[in-house]
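Note sheet for the following structure.
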Amino acid sequence: MEFSGQTYQLAFSTEEPAGRINEYLLPGENLERYSKMIGVYTFPTLKDQTPQEAIKLLSAYMVSTNSMASYETHESKDKNAAIIDFLVFSPGATMAEYNVFKYVKEGENMKSLQFVARWYASRGDGALENARNFATSYLENRQEWVKKVDDMRIPEIYEQDYSIDPSLYVEEEPSAVETRAHPQEQASSAQAGS
């Protein structure tokens, strides 16, 4: 898969309660620590929602779980789509993650395309320069990334389970797969419990 001049390869595919997840990484990167990722998702559980309602659910969940999060919704060229982008930080701010999601309704199915850019904090010499480089990259590329996600057709979902890291499918460690859950799955689970 191509995005913004870079080639991504399938790294992870599984079925979750909310739908199918496909995650693509740059060659040589892994699921635990990567610089960029493309995600493709289906959400049969959101079949009665519009794309605009889906991003409202996602933004409410994101803000409730990450008080430092900031987000913005965007108009899509496709009137059947909705776009949201946001920046979140890990506990202790050791990692920043920028996300763009595009939600599209296709028949009865809700599909989503996600672009992620991550920055990992460093310590010691070069830490400040590292932080400046991320801030510069984020500020210079944000609008372009939103536009590229909007322009991109959501690819067909790969329906088989797959991982570049086979340990994610070891039955003794189900939490490894559970932690891969998409925020929308967590948001729809939280809504169902209310």
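The values are calculated or read from the model by the stated rules, or taken from the named source; none is laboratory data. Everything quoted here is computed from the prediction, not taken from an experiment. Note that we place each Cβ from the backbone using ideal geometry, even for glycine, and neighbour counts take in every protein chain shown. Areas reflect the complete protein model, heavy atoms only, side chains present, ligands, DNA and RNA absent. Shrake-Rupley method; radii C 1.70, N 1.55, O 1.52, S 1.80 Å.
Table for the structure above
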read-out	value
Any hit, the stretch 157-171, residues being open to solvent by less than 70 Å² (accessible area, probe 1.4 Å), at pLDDT 85 or above and either assigned to a loop (DSSP other than H, G, I, E, B) or touching a His at 6+ places or on another chain (Cβ under 8 Å) (or both)	yes
Conditions (1) at pLDDT 90 or above; (2) in a helix (DSSP H, G or I); number of the one not met by Val116	(2)
Residue match in the stretch 45-67 (condition: within 22 Å of Asp165 (Cα to Cα) and not in a helix (DSSP H, G or I))	no
Residue selected from the stretch 88-113 under the condition outside any strand (DSSP E or B) and over 17 Å from the mean Cα position of the chain (by Cα), by the criterion surrounded by the most Cβ atoms within 10 Å (Cβ to Cβ)	Thr94
Some residue of the stretch 36-45 being open to solvent by 20 Å² or more (accessible area, probe 1.4 Å), under 15 Å from the mean Cα position of the chain (by Cα) and at pLDDT 95 or above	yes
Residues of the stretch 46-59 satisfying the condition of being open to solvent by 60 Å² or more (accessible area, probe 1.4 Å) and touching a helix residue (DSSP H, G or I) at 6+ places or on another chain (Cβ under 9 Å)	Glu53
